1. Cα-based Rg of the range 29-89 per 2.2 N^0.38 Å, rounded to two decimals?
2. What is the distance, in nm, between label points placed 7 Å from the Cα along the Cα-to-Cβ direction at residue 7 and at residue 72?
3. Note the angle between two axes, namely the Cα long axis of helix 101-128 and the longest principal axis of the Cα atoms of the chain, as a number of degrees from 0 to 90, rounded to the nearest 10.
4. For the pair residue 24 and residue 52, how long in nm is the line joining their label points, each one 7 Å along Cα→Cβ?
5. For the chain, what does the helix formula give at 222 nm: sum of -39500 (n - 2.57) over DSSP H segments with n ≥ 4, over the residue count, nearest 500 deg cm²/dmol?
6. On a 0 to 90 degree scale, rounded to 10, what angle separates helix 6-25 from the longest Cα axis of the chain?
7. Test of understanding: what is the full-extension gain from residue 79 to residue 102, defined as 0.36 nm times their sequence separation minus their Cα-Cα distance?
8. From the mean inverse distance of alpha carbon pairs (Kirkwood) and the Cα radius of gyration, derive Rg over Rh for the range 3-129.
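Derivation of every value follows stated rules applied to the coordinates shown; laboratory data play no part. A quick note: this is a predicted structure, and the numbers were derived from the prediction, not measured. Note that each Cβ is placed from the backbone with ideal geometry, even for glycine, and that neighbours are counted across all protein chains shown.
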């Protein structure tokens, strides 16, 4: 797979994966969640390759990134555009109804299998490249 297709591929996997999770757990989704899910998975993919020694640190960074992306996405789709796709306004310590500690914890737990999936996808992407990353970078 050529390098310029790597992140669009990851974006699509993340968007469809998150949409599927919403369908399973909420019974419905909104197309904007596919976009936010794709952006979140791209962030997790990038974080998964950082030279951080402990996995829990990557999971914590991933959950913080997802929470930040969800907050910005919520400001856009829920507050600015008024689509009311989700609301955490009834949750403890929510921030403008867009994020809350409970879902930050859920994102942390979701990062555990997501980071493992990222490693598998990175292996697939690297095998599909015409030239290994080491040859291109060096």
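1. Values: Rg = 13.3 Å, N = 61, 2.2 N^0.38 = 10.5 Å.
Expressed relative to 2.2 N^0.38 Å, the Cα Rg reads 1.27.
2. For residue 7 paired with residue 72, the spin-label model returns 1.2 nm.
3. Helix 101-128 sits at roughly 20 degrees to that axis.
4. 2.4
5. Helix contribution divided over all residues of the chain: -22500 deg cm²/dmol.
6. Rounded to the nearest ten degrees, it is 40.
7. Numbers: separation 23, 0.36 × 23 = 8.28 nm, distance 2.08 nm.
Computed gain between residue 79 and residue 102 is 6.2 nm.
8. Details: Rg = 14.8 Å, Rh = 15.1 Å.
Answer for the range 3-129: 0.98.
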